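Student: To start, I am sharing the structure in question, which I have written as structure tokens.
The values are calculated or read from the model by the stated rules, or taken from the named source; none is laboratory data. Because the structure is a prediction, the values reported are computed rather than measured. Please note: Cβ atoms are built from the backbone with ideal geometry, for glycine as well, and neighbour counts cover all protein chains shown. Side chains included, ligands, DNA and RNA excluded: accessible areas come from the protein's heavy atoms. Shrake-Rupley method; radii C 1.70, N 1.55, O 1.52, S 1.80 Å.
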Amino acid sequence: MSDRNQNAIQHTMNEDPCTSSILFDHALKNKGVGLFAHFGGQGAQYLEELRTIFVNHNYSHTLIEAAEDALKTQLNSTEAKPLSSYFKEGLDLTEWLRDEEKTPTEEYLSSCPISYPLILLTQLCQYYVTAKLLFNNENTDSISQLRKCWKGTTGHSQGIVASIVISIADTEKSFLQQSCKMISYLFWQGSRLQQCFDAIVYNNYYMQVNSSNNTEIGKPSPLLAIFGVPADKLKRHIEKANQLFFFIYGKYRN
């Protein structure tokens, strides 16, 4: 563990005292009570939420700084050199959180290589801080105690990854380890998805769709909302797009 992570742990000694919760207290005392944790997916404006956690809860510094170290380890690896164009504004997460003027552009923050791991980090920070606020005393492992409250956990889209972390981790130490592993995993998943998306975006098929409609559709994105298009016409475009995806997928595989 780095010096700054050790300092972050020391900071938690000055954190607010434990908070009580009727809901979680009841879940611990009554085995018949079933609480489920649910995590969302892409689409959240995560950085401001993460900044609020960072500023208001010193507990969070341990996880955030460990995650930043893990991400920079991946970014500085030999395997990540071909991905450098995706990280032009860096990964200086704690600087972004401390100084709003250093916040990257919205386009950069919403790109897959950045948003995938940092949305997960935001979710795990909320969970970690909740555990520390509810069960932080020297005789209790806070993550272990919070874990006892759940009957199950699930997630939508990439939210399933956060669900996996809290399912696996049964102590604070394992929670920090598993969090960094999964955040590193989403660094790579986001990067690979961006590579595939770039190949699709710049394909001539999309230029042809724009030209045939004589309208400005705008820059394609991974998420799509469709209104007022007849089902038969939409089906034809989906079939053409699927043919393209199969072609590109085959090229990457070969």
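Student: Here is a list of conditions, (1) open to solvent by 30 Å² or more (accessible area, probe 1.4 Å); (2) in contact with a Cys (Cβ under 6 Å, 6 or more places away or on another chain); (3) at pLDDT 90 or above, and ALA231 meets all of them except one; can you say which number that is?
Tutor: Condition not satisfied by ALA231: (2).
Student: Just one of (1) modelled with pLDDT of 70 or more; (2) part of a helix (DSSP H, G or I); (3) β-branched (Val, Ile, Thr) trips up ILE200, so point out which.
Tutor: That leaves (1) as the condition not met.
Student: Give GLU49, GLU89, GLU95, GLU107 a once-over and let me know the one that is open to solvent by 50 Å² or more (accessible area, probe 1.4 Å), in a helix (DSSP H, G or I) and more than 21 Å from SER179 (Cβ to Cβ).
Tutor: On the way: GLU49 fails: more than 21 Å from SER179 (Cβ to Cβ); GLU89 fails: in a helix (DSSP H, G or I); GLU95 fails: more than 21 Å from SER179 (Cβ to Cβ).
Every option except GLU107 fails the conditions.
Yes or no, residue by residue, for (1) modelled with pLDDT of 95 or more; (2) assigned to a helix (DSSP H, G or I); (3) closer than 30 Å to SER20 by Cβ:
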{"position": "SER85", "(1), (2), (3)": "no, yes, no"}
{"position": "ILE119", "(1), (2), (3)": "yes, yes, yes"}
{"position": "LEU124", "(1), (2), (3)": "yes, yes, yes"}
{"position": "TYR128", "(1), (2), (3)": "yes, yes, yes"}
{"position": "LEU134", "(1), (2), (3)": "no, yes, yes"}
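Student: If you don't mind, another one. Which of the residues spanning region 37-60 are acidic (Asp, Glu) and touching a residue at least 24 places away in the same chain (Cβ under 8 Å)? I'd like the intermediate steps shown before the answer.
Tutor: Narrowing region 37-60 to residues acidic (Asp, Glu): 48-49.
Across region 37-60, the qualifying residue is only GLU49.
Student: Go through region 78-113 and give me each residue that's in contact with a Pro (Cβ under 8 Å, 6 or more places away or on another chain) and hydrophobic (A, V, I, L, M, F, W, C).
Tutor: LEU83, PHE87, TRP96, CYS112
Student: Identify, by number, the condition in (1) at pLDDT 90 or above; (2) part of a helix (DSSP H, G or I); (3) acidic (Asp, Glu) that ASP25 doesn't meet.
Tutor: (1)
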